[in-house]
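J.: Before I ask anything, let me first share the structure, which is written out below as structure tokens.
No lab work stands behind these numbers, since they all come straight from the coordinates. Since this is a predicted model, take the numbers as computed values, not measurements. No Cβ is skipped: glycine too gets one built from the backbone with ideal geometry, and neighbour counts run over all protein chains shown.
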Protein chains: 4
Amino acid sequence: MTFEPKFSVITACVGNLGDRFLTSGYKERVCLEDRLKRIAGIEGITGVELCYDPGGEEGNAALVRKLLAVHRLQAPVVNAPLVGDKRWSFGTFSAPDGAVRREAVETAKRTIDFAEATGAGLINLWLGQDGFDYPFQADYAEQWQNMVEGVRACAEYKPSIRLALEFKPREPRNRALIDSASTSLLLVREIDRPNVGVTIDNGHVLQVGANMAQAVALCSRAGRLFNMHLNDNYAGWDDDMIAGSVHLVEYLELLYTLRKTSYGGWCSIDIFPYRENAERATEESVAFLAACNRWVAKVGMEKIHSLIAAGDVTEMLRTIRTSLLC
Amino acid sequence: MTFEPKFSVITACVGNLGDRFLTSGYKERVCLEDRLKRIAGIEGITGVELCYDPGGEEGNAALVRKLLAVHRLQAPVVNAPLVGDKRWSFGTFSAPDGAVRREAVETAKRTIDFAEATGAGLINLWLGQDGFDYPFQADYAEQWQNMVEGVRACAEYKPSIRLALEFKPREPRNRALIDSASTSLLLVREIDRPNVGVTIDNGHVLQVGANMAQAVALCSRAGRLFNMHLNDNYAGWDDDMIAGSVHLVEYLELLYTLRKTSYGGWCSIDIFPYRENAERATEESVAFLAACNRWVAKVGMEKIHSLIAAGDVTEMLRTIRTSLLC
Amino acid sequence: MTFEPKFSVITACVGNLGDRFLTSGYKERVCLEDRLKRIAGIEGITGVELCYDPGGEEGNAALVRKLLAVHRLQAPVVNAPLVGDKRWSFGTFSAPDGAVRREAVETAKRTIDFAEATGAGLINLWLGQDGFDYPFQADYAEQWQNMVEGVRACAEYKPSIRLALEFKPREPRNRALIDSASTSLLLVREIDRPNVGVTIDNGHVLQVGANMAQAVALCSRAGRLFNMHLNDNYAGWDDDMIAGSVHLVEYLELLYTLRKTSYGGWCSIDIFPYRENAERATEESVAFLAACNRWVAKVGMEKIHSLIAAGDVTEMLRTIRTSLLC
Amino acid sequence: MTFEPKFSVITACVGNLGDRFLTSGYKERVCLEDRLKRIAGIEGITGVELCYDPGGEEGNAALVRKLLAVHRLQAPVVNAPLVGDKRWSFGTFSAPDGAVRREAVETAKRTIDFAEATGAGLINLWLGQDGFDYPFQADYAEQWQNMVEGVRACAEYKPSIRLALEFKPREPRNRALIDSASTSLLLVREIDRPNVGVTIDNGHVLQVGANMAQAVALCSRAGRLFNMHLNDNYAGWDDDMIAGSVHLVEYLELLYTLRKTSYGGWCSIDIFPYRENAERATEESVAFLAACNRWVAKVGMEKIHSLIAAGDVTEMLRTIRTSLLC
């Protein structure tokens, strides 16, 4: 059972990054060409997740294709621009305003067009503005219904392009509609189109104290795990840290489960290295995950499987420890 | 649109209560007769959720029926004894050991028999031991499959008795299989039997920073909200405090939503008054929820609905404040 | 025992507000004059917390004084610009780089000068960049020592101006040095200057599941509660929501405790109304807090005190409920 | 700079363990002799933390001394029985009832006597019942004052025996008085006796998202780090799991810091292996921590120190990864 993760990085990770207290950012703006050039230099990275930017450099399919070719990068996934714009302040597909909902569907369709034009087979739908901040702010059943219809409309637009819903429990809204793997799968079932699936950002799982491997197993069981985002955090917020900077055992279990379920998608590094060198931080993330994957191969699927089957947690930890630390 | 919640209390709440540091309990053991007598004296309570105890007082249907009649209490719901026994240390319907799984199904069937014998139409399935504590401890896909099959087997036993899955994110296991409203609904869909639904314990929603009214709305939309448990907490753990001791606005929204969705089940107080008088703590919980319900009626469904539709959070908060505090 | 809170608002709250996904903001930039004009129109607000901006409008003492006079606003507090600038990426008084530390002290001194020039008697020191993101990133003992020395140097600059340390557990750094009321008091003791005290942002208390009234009581007991910031959140993050939108009982206890300890400082609204009208959101926050304060007066200090002394939580909740909801 | 941690285990860890849903426990009762025998067989363990049990086996100094000698175990620390008894339902040294406070001081003095009689130089004071559950339940300033006086009275009883305050943010009370390292140090300062210090339970640090090494550094800087308890958790609750089952990098930093600060106390395993073999779980915890300690030695203090000084997080992570996983 061989498994070699394909690593990419989201183009935004190597640009300027700000937060609510320093909106101008901790770094400098970097043009697309420079971002791709930097990314191409990162050991272990062979692809990018594009962030479609209508009217901007990253919305120019010809330019993007050219730069990808120059830097020998694949671009399997395109992120839809459905968060970082005032228009989406109260949501996209589930916004209370029908005009906004229609605009969101149009934006997603243009993202699909852009994906097609750049050779990507998948668009990533992180719908972080869909949800609410306060009690008494949303008609939850209506929101759900609108979400189903909006995603379905996009799914039907060009069935050859797949759509992946990226759940996240909160931020920027205090509460998100698509908050967990289960919610995503429930939506996917109701949307009922074969090209709609799930992106698991492992940090969005850790953030609420859930288990990454379980999320992978359940999405895979449903045949809907389309994409992975990777980073680390302290298990209370989406800190978007370098992979492996906090957790270890759960990462080993994650890589074991990706292999076990024959995950065929990409592993895209999605970190916010506000104060770190982005390329090195990305490279370290890739190296950590690749090392976890080699560890799984070294210990062996059968051995791990038999320890799980035996329910012997202590022996499993001993195996991990002696293979790493002794 | 009238709505009068029916209030019950779980019989265990008025007994002795211990924690892991004081297992012998903060109070004294109370026999069933005394518990029911005490409960009967609580203003606003007209029913109990029984805790089926095979071989014990609370497993004797004739005795229970007699005591219920004496104290003029209804018993619409019976809790299955699927947590507090060593046998379930590693789970019930989803335990790795097939013999344990079969025993769990048998236990649930006996609970169904007991429900039938005592006139309850619903059994509550809180499966708190199904899940895991450590990474690498569970085969998640297998767990899920076993859970589906176990609940389905129980559902088919006597289709006139309904089953409600009570989700909870963690405790006693560090991670629970049935952790959220979405996971419950996903399971319910896959189990695919009309008599399987969901119990929402509002504290299990707050515990992970989710919204109680949203959980109600989404379970109702699916036609599967069968039962409610009520208490309060500080939004980080299942503290099982007196309702209204921490939160307010979200409770008002919860009662609004129960009314809006014409919730027809019971509202069962589920608190752990380790150090408080249990009857008074229960009574205060009921009184708080009833007052929230009257507040909804007083302000009016149309006004609340129109404020939500207008998306005017500040005006909604002003309405709440001026109706209560000024 | 009378107590009338003085309400102010931080000038930044009525400006444009962005987050890490929409750094250009959810609103439009508002010039200082317009911000003060808007603030002056908020019912219940009589002061502002300025945000010193060297070289900008809010760094021009003459302009500020003039505008304050025009709008009849007091400005009792000035925030030091020690977070939102790249220079402070790795801290201010506790930065590893001595040059940065010196620059931070200079910046604080200029803030003190500006406070003096605008008639403010207090500068607020929220040192959100002092801390760390990753393990193995800080020499904790050295950080602490540098923090003590930096604050002490500022305290000695003009002893008539008071300094208030505003603790916050995290954000923007994943971990903050000054993370709690206790840490603040410990620092204050070691800094050992009479003009150094604490700002309690009630949201920074809720954010880690601590109790606001307790923080007030302990800082007051030490004679060091200099300033209050007010907002609400869901108890897991600094959501900076409208006061009273989530919690109630703990607010009543907070106002009771401010009265009991004869708090003499200001209550400054510190919310982030990204998607709301800032003036109305601020006004509602003030109105809620003022109403909580009236509630305390109405119920009476002696009655509340006697319920606490009797340890009767249920009766206290009954008192609150019947005074509000029945 | 050599550093060899001395490992012990709390005697309760190898006994029966229950939780609030299964108070009779997941295991069987084990008599003291068998517990010590089992402990003596754990590789790497040379001592125990006793749990003083007045009137019980573990309160019989002669028996304890005999069994310790037989099993060649040291007993450097004794836990005071100030949590698991109904008498302490509302606190010990800070209980509102003066009679309870006096009884608590007496109990602590008897613990000190027992420590003296068994050759332990330190008593561990985890005061988990001191705090509150609800708002409006405590007079916080009075609680603090009573705590100071109670601990001081115990400290003065036999100055040769040291007292260590073990902070924990919550559980069993929803909010604890001694909740953090900073609160402990603040109390220690006010108690102002040389034999009063702090026990850091690393899980109680992780539980609220704080940093273990920082806690060690700050308590050491104050000269008051007397004792360590060790376990692991998911960073949201005191799960008391096997050390190393969740975290890695922060453990390495912890061991680095214990070495750097020349920690001279014991490292006591404090886990709750409800469903695991306790001896093996303890042994694995010790082995993990010892391996972390060897890692520090292998990489070298100077190298680690220089990476921290350089502020190069990515290089530090690369160093960890390549030394373990490649």
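J.: Run through the other copies and list how far each one's label point is from that of D:Lys158, in nm with one decimal, shortest first; the point sits 7 Å from Cα along Cα-Cβ.
T.: Output for D:Lys158: 5.8, 6.3, 8.1 nm, nearest copy listed first.
J.: I need the inter-copy label distances for A:His71: point set 7 Å along Cα to C-beta, values in nm with one decimal, smallest first.
T.: When each copy's label point is compared with this one, the spacings are 4.5, 6.2, 7.1 nm.
J.: Counting partner chain Cβ atoms within 10 Å of every residue's Cβ in A:285-298, what's the average?
T.: If you average over the peptide's residues, the count of other-chain Cβ atoms is 2.
J.: Cut-off under 14 Å on the C-alpha distance; same-chain residues fewer than 8 positions from B:Lys66 excluded. Which aspartates and glutamates are left, in chain and number order?
T.: B:Glu33, B:Asp34, B:Glu57, B:Glu58
J.: What is the set of long-range amide H partners of A:Phe167 at a cut-off below 5 Å, with H atoms built 1.01 Å from backbone N?
T.: A:Thr199, A:Asp201
J.: For B:Val30, which inter-copy label distances result when the label point lies 7 Å beyond Cα on the Cα-to-Cβ vector, reported in nm to one decimal and in ascending order?
T.: Ordered by increasing distance: 3.6, 5.4, 6.5 nm.
J.: With only Lys, Arg, Asp and Glu charged, each at its Cβ (+1 for the first two, -1 for the last two), find how big the charge dipole of the stretch C:6-296 is about the Cα centre; round to the nearest 20 debye. Write down the numbers at each step before the final one.
T.: Numbers: 32 positive and 38 negative charges, 140 e Å.
Rounded to the nearest 20 debye, it is 680 debye.
J.: Follow-up. Of A:Thr257, A:Ser184, A:Thr199, which is farthest along the charge dipole of chain A in the positive direction, counting Lys and Arg as +1 and Asp and Glu as -1 at C-beta?
T.: The residue sitting farthest along the positive end of the dipole is A:Thr257.
J.: Another question about this same structure. Under 5 Å between amide hydrogens, which residues at least 5 positions from A:Glu49 or on another chain qualify, with H placed 1.01 Å from N in the peptide plane?
T.: A:Val9, A:Ile10, A:Thr11
J.: Let me ask something else. Restricting to bridges with both residues inside chain C, how much of the DSSP beta-bridge set is antiparallel, in percent to the nearest 5?
T.: Counting DSSP beta bridges with both partners in chain C, the antiparallel share is about 10 percent.
J.: Where the centre of each part is set by its Cα atoms, how far does the stretch A:147-163 sit from the stretch D:15-86, in angstrom?
T.: Between the Cα centre of the stretch A:147-163 and that of the stretch D:15-86, the gap is 62 Å.
J.: Now a separate question. Taking the Cα centroid of the stretch A:98-141 and of the stretch B:251-326, what is the distance between the two, rounded to the nearest whole Å?
T.: Here the two parts' Cα centres lie 33 Å apart.
J.: Compute, for the stretch D:63-153, the length of the dipole vector about the Cα centre, with Cβ point charges of +1 (Lys, Arg) and -1 (Asp, Glu) only. Units Debye, rounded to 20.
T.: Dipole about the Cα centre, nearest 20: 580 debye.
J.: Can you find, among C:Ala120, C:Ala141, C:Pro172, the residue sitting farthest towards the positive end of the charge dipole of chain C, where Lys and Arg contribute +1 and Asp and Glu -1 at Cβ?
T.: C:Ala120
J.: Determine ³J(HN,Hα), in whole Hz, for all residues of the stretch B:122-132 in sequence, where each value follows from phi through the Karplus function 6.51 cos²θ - 1.76 cosθ + 1.60 and θ = phi - 60°; x replaces Gly and Pro.
T.: Those phi angles translate into 9, 10, 9, 10, 8, 10, x, 8, 8, x, 6 Hz.
J.: Once you put a point 7 Å from the Cα of D:Lys158 and another 7 Å from the Cα of A:Gln145, both along the Cβ direction, what distance in nm separates them?
T.: Output for this residue pair reads 7.4 nm.
J.: Then there's this: Looking at the square roots a ≥ b ≥ c of the eigenvalues of the Cα gyration tensor of the stretch A:139-216, which shape do they give, rounded for a/c under 1.5, prolate if a/b is larger than b/c, or oblate? Before the final figure, lay out each step's value.
T.: Working: a/c = 2.21, a/b = 1.37, b/c = 1.61.
Since a/c reaches 1.5 but b/c is at least a/b, the shape of the stretch A:139-216 is classed as oblate.
J.: Moving on. Let me make sure I get this right: for the stretch A:245-326, a, b and c are the square roots of the gyration tensor eigenvalues over alpha carbons, sorted descending. Under 1.5 in a/c it's rounded, otherwise prolate if a/b > b/c, else oblate. Which is it?
T.: prolate
J.: Expressed as cubic angstrom per residue, what is the convex hull volume of the alpha carbon set of the protein assembly as shown? Don't jump to the answer; show the numbers that get you there.
T.: Numbers: hull volume 201.6 nm³, N = 1304.
So the per-residue hull volume is 155 Å³.
J.: What does the highest-first list of A:168-180, A:26-38, A:256-268, B:238-250 look like by mean Cβ count within 10 Å?
T.: Per-residue mean Cβ counts within 10 Å order the peptides as B:238-250, A:168-180, A:256-268, A:26-38.
J.: Let me ask another. Along each of the three principal axes of the Cα atoms of the stretch A:84-226, give the extent in whole Å, ordering the values from largest to smallest.
T.: For the stretch A:84-226, the Cα spread along each principal axis is 37, 36, 25 Å.
J.: Can you list residues whose amide H is under 5 Å from C:Asp232's amide H, if they're 5+ apart or on another chain and H is modeled 1.01 Å from N?
T.: Answer set, sorted by chain and number: C:Asp240, C:Met241, C:Ile242, C:Ala243.
J.: Pull up the cross-link candidates among the aspartates and glutamates for A:Lys168, meaning alpha carbon to alpha carbon under 13 Å and not fewer than 8 places away within one chain.
T.: Straight-line reach from A:Lys168, under 13 Å: A:Asp130, A:Asp179, A:Asp201, A:Asp238, A:Asp239, A:Asp240.
J.: Right, something else. If the stretch D:6-298 were replaced by its equivalent ellipsoid, with semi-axes equal to the square roots of 5 times the Cα gyration tensor eigenvalues, what would those be, largest first, whole Å?
T.: Three semi-axes, in Å: 26, 23, 19.
J.: Would you list, by chain and number, the lysines whose Cα falls below 25 Å from the Cα of C:Lys298, excluding same-chain residues fewer than 8 positions away?
T.: Filter leaves B:Lys298, C:Lys6, C:Lys260.
J.: Ok, one more. Using only atoms on other chains, find how many Cβ atoms lie within 10 Å of each Cβ of peptide B:274-283 and report the average.
T.: Per residue, the average neighbour count from other chains is 4.
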